[in-house]
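Encoded as structure tokens, the structure appears first; notes follow it.
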Amino acid sequence: MAPTLPSVSGPFHAFVARRTGMALSDLQCRRLDEKLAARPGGLSVQYLLHLQSPAGTADLAELIDAIAVQKTELFRDEPQLRALRTHVLEPMVARMRRPLRLWSAGCATGEEVATLLVLLAEVGADPASTVLGTDISETALVRARELCFTAEQFQRVPSGVRERWFMPAAVGRYTLVGHLRDRASFLCHNLMDVPYPTAAEGQGFDIIVCRNVLIYFTPESFDRVVAALAGRLAPEGVLVLSAAEPLLRTPPGLRTMRFEQAFFYVRAPESAPSTDAVPLGAVRTPSSSGLPAVGARQHLLKTPSSSGLPAVGTRQPLDTGSAAPAEVQPGEAGAHPEADALFARVLEWATSGGEASPQATESLRRCLTLDPDLAAARYLLGMLLEQRGALAEAAGEYRRALRSLEVGRARATPFYLNNARLQVACARAIERVERAAGPAPAR
Ligand SMILES: C[S@@+](CC[C@H](N)C(=O)[O-])C[C@H]1O[C@@H](n2cnc3c(N)ncnc32)[C@H](O)[C@@H]1O
């Protein structure tokens, strides 16, 4: 009889977390457990080894599908897309006069790919421009390849887009027009695996959009993936993360482009040729991914524990399928100019690659004395404390930030996180810190 694992599903959680890069939330662990419990034969060492072997690829994919968050929308985060169009796409089209190569990494069911194709068409990009969509989930990609959406999905899409770029398909559904569809391609790719895709003829991508994917990742996987994505950018190429995934530790070779509604990261013009940074737990993928098969498991690379600031939003899995929090009513922005200035200074220093220092913590504390409801600053303070191992103090700051968000006192900040996302981020951070701190002592 197969030996049974001592702590039942723990090693399965750890393996799935390592393969996906995700920091699994309690909800994801529960979903995984439900899936594992439904399996006849129980959990055994053999089954774990099976999941780790090429023969277990399909079973592992099912487990990953059970926990992956595939929430997406057409024209998701319109203000960010507007900034992308004005500050990145239009200048690129004017400057480059050649087909552009875009990659939507973690494209889920294809809405982001369709959105990028429409944006390219609207800015008059060369008609041979392409968009590659990749995702870890083949199930999501099956839908993505259709590039076909329901009428409801167009409710928040800018007016005229549906009429210009989509055609009626089956009842109540609209499909992207043929000449744009032809510019899309899809590939099953796990961001934890190397090699990463390249554009045609091994070129780098002009724009890589990886939004709402890395927010679920562990900080180590987040950093590794960002470095690997940066390695796949063409010189002067642009990396687009979501507003909830700002880089407070911009990797070498990337610089931050700031706009009121969005941040982008640009690769230096003279950057070295693309390399494959190996993400933590990376496995060279078998050919099922569509990428060259390289075979054996890679040695797990450990990221040196960085003394830089944590990236806001990197550690908190969001969108876990639980009901989305209500958008809070932000307080009056700009009501505390001194607090805003202090917070801005900490961010300025952090995005230019500064080391986490006691001064940063002090500045944040001062800022919070002036405005206790600047929840983004309190969240950042929590992250600094957490990074230093002051878990109880960190949890306290996260809780206070969450409270002011929940009661609607939190003031919106033009930086990084919107309050609805920040609320989820705080809740997840509390969960994470409490788990790391272990069970509360008996009273
Ligand atoms: C919330 S969706 C984001 C979709 C789209 N980018 C957007 O912002 O609307 C996250 C997607 O990332 C994918 N994903 C999660 N882990 C991944 C990994 N390790 N490699 C590639 N894709 C991954 C999930 O399957 C899911 O489709």
Test: residue in segment 118-136 that is assigned to a loop (DSSP other than H, G, I, E, B), within 23 Å of the chain's Cα centre (by Cα), away from the ligand (no atom under 12 Å from the Cβ) and surrounded by fewer than 19 Cβ atoms within 10 Å (Cβ to Cβ): no
Some residue of segment 71-92 being surrounded by 16 or more Cβ atoms within 10 Å (Cβ to Cβ), assigned to a strand (DSSP E or B) and not polar (S, T, N, Q): no
Search result, residues across segment 101-117 that are surrounded by 24 or more Cβ atoms within 10 Å (Cβ to Cβ) and more than 10 Å from the ligand (Cβ to nearest atom): L102, W103, A114, L116, L117
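Quick check on segment 164-172. Is at least one of its residues in contact with a helix residue (DSSP H, G or I) (Cβ under 6 Å, 6 or more places away or on another chain), more than 15 Å from the ligand (Cβ to nearest atom), part of a loop (DSSP other than H, G, I, E, B) and modelled with pLDDT under 95?
Yes, because at least one residue in segment 164-172 is in contact with a helix residue (DSSP H, G or I) (Cβ under 6 Å, 6 or more places away or on another chain), more than 15 Å from the ligand (Cβ to nearest atom), part of a loop (DSSP other than H, G, I, E, B) and modelled with pLDDT under 95.
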R18, sole failed condition from (1) assigned to a helix (DSSP H, G or I); (2) over 26 Å from C188 (Cβ atoms): (2)
Cβ pairs under 6 Å, 6+ apart, first in segment 136-148 and of a type in the set (D, E, K, R), second more than 10 Å from the ligand (Cβ to nearest atom): R145/F186
Residue ID - farthest from the ligand (Cβ to nearest atom), chosen from residues in segment 192-228 that are more than 24 Å from V88 (Cα to Cα) and assigned to a helix (DSSP H, G or I): P219
Of the criteria (1) out of contact with any His (no Cβ under 8 Å at 6 or more places or on another chain); (2) in a helix (DSSP H, G or I); (3) closer than 29 Å to G110 by Cβ; (4) charged (D, E, K, R), which one D59 fails: (1)
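The values are calculated or read from the model by the stated rules, or taken from the named source; none is laboratory data. Small disclaimer: the values here were computed from a predicted structure and weren't measured. Every residue, glycine among them, receives a Cβ derived from its backbone with ideal geometry; neighbour counts consider all protein chains shown.
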